[in-house]
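A.B. asks: If you scroll down you'll find the structure; I have some questions about it.
The values are calculated or read from the model by the stated rules, or taken from the named source; none is laboratory data. Because the structure is predicted, anything quoted here is derived from the model rather than measured. For neighbour counting, all protein chains shown are included, and Cβ atoms are generated from backbone atoms with ideal geometry for every residue, glycine included.
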Amino acid sequence: MIYILLGYMGSGKTSLGKAVSKLKNIPFYDLDQQIEDSLGTSIADFIEKKGELVFRKLEHEQLQSLLENIPEDSVLAVGGGTPVFYDHMDLLNHAGITIYLDVSVLELAKRLKNDVQRPLINNQDDLAEFVAKHLFERRPYYSLAKHRIKGDQLTAGDVLSCF
């Protein structure tokens, strides 16, 4: 089974995915990393040059390809916006066990405060307010996940409880 971690940026998808992968001795895949590797540049730079819509189309293609080619027993972290576009939540739910990492707005803002690599949050005067509004828009998609783990200090054990 493919275990798919989703949630807002800074929720711990990559960190927890790597930890779960190590504990279960199964491969870990990060959609954003796969995209950056194929582009030879950062997603932030790509979006700045080509725009978000072009990126989302590329992301869709990469997600489909990745889901067709990764081993059945693996962990996959998707980008924070991935579930929102196309029919991605249906695709993800069909491909494996989806797990929504539900972290509070204040904790997300704290984690993202000094992160300059994320184009969506650069130059935000009130980061917590931005995250709250953005999360409000994305939560209906995240909530379609088969499992939801809520907390500000999630662990690999919390994720493993969904297996």
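A.B. asks: Name the single residue that is farthest from Ile99 (Cα to Cα) among those in segment 148-157 being touching a helix residue (DSSP H, G or I) at 6+ places or on another chain (Cβ under 9 Å) and in contact (Cβ under 8 Å) with a residue 12 or more places away in the chain.
C.D. replies: Within segment 148-157, the match that is farthest from Ile99 (Cα to Cα) is Asp152.
Conditions tested, residue by residue: (1) under 14 Å from Gly81 (Cα atoms); (2) in contact with a Cys (Cβ under 9 Å, 6 or more places away or on another chain); (3) hydrophobic (A, V, I, L, M, F, W, C).
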site	(1), (2), (3)
Lys22	no, no, no
Asp32	yes, no, no
Ser42	no, no, no
Phe55	yes, no, yes
Glu59	yes, no, no
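A.B. asks: What pairs come up if the first residue lies in segment 84-109 and is closer than 16 Å to Leu63 by Cβ, the second is hydroxyl-bearing (Ser, Thr, Tyr) and assigned to a helix (DSSP H, G or I), and their beta carbons are under 6 Å apart, counting only those six or more places apart or on different chains?
C.D. replies: As it stands, the answer is Val84/Tyr141; His88/Thr82; Met89/Tyr141, since those pairs meet every condition given.
Let's see how each residue does on (1) at pLDDT below 95; (2) surrounded by 22 or more Cβ atoms within 10 Å (Cβ to Cβ); (3) more than 20 Å from Leu160 (Cβ to Cβ):
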{"site": "Ser11", "(1), (2), (3)": "no, yes, no"}
{"site": "Thr14", "(1), (2), (3)": "no, no, no"}
{"site": "Lys18", "(1), (2), (3)": "no, no, no"}
{"site": "Asp30", "(1), (2), (3)": "no, no, no"}
{"site": "Ser42", "(1), (2), (3)": "yes, no, yes"}
{"site": "Val75", "(1), (2), (3)": "no, yes, no"}
{"site": "Val84", "(1), (2), (3)": "no, no, yes"}
{"site": "Asn93", "(1), (2), (3)": "no, no, no"}
{"site": "Val105", "(1), (2), (3)": "no, no, yes"}
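A.B. asks: The conditions are (1) over 17 Å from the mean Cα position of the chain (by Cα); (2) part of a helix (DSSP H, G or I); (3) farther than 28 Å from Ala132 by Cα; (4) in contact (Cβ under 8 Å) with a residue 60 or more places away in the chain, and Glu72 fails exactly one of them. Which is it?
C.D. replies: Of (1) over 17 Å from the mean Cα position of the chain (by Cα); (2) part of a helix (DSSP H, G or I); (3) farther than 28 Å from Ala132 by Cα; (4) in contact (Cβ under 8 Å) with a residue 60 or more places away in the chain, only one is false for Glu72: (2).
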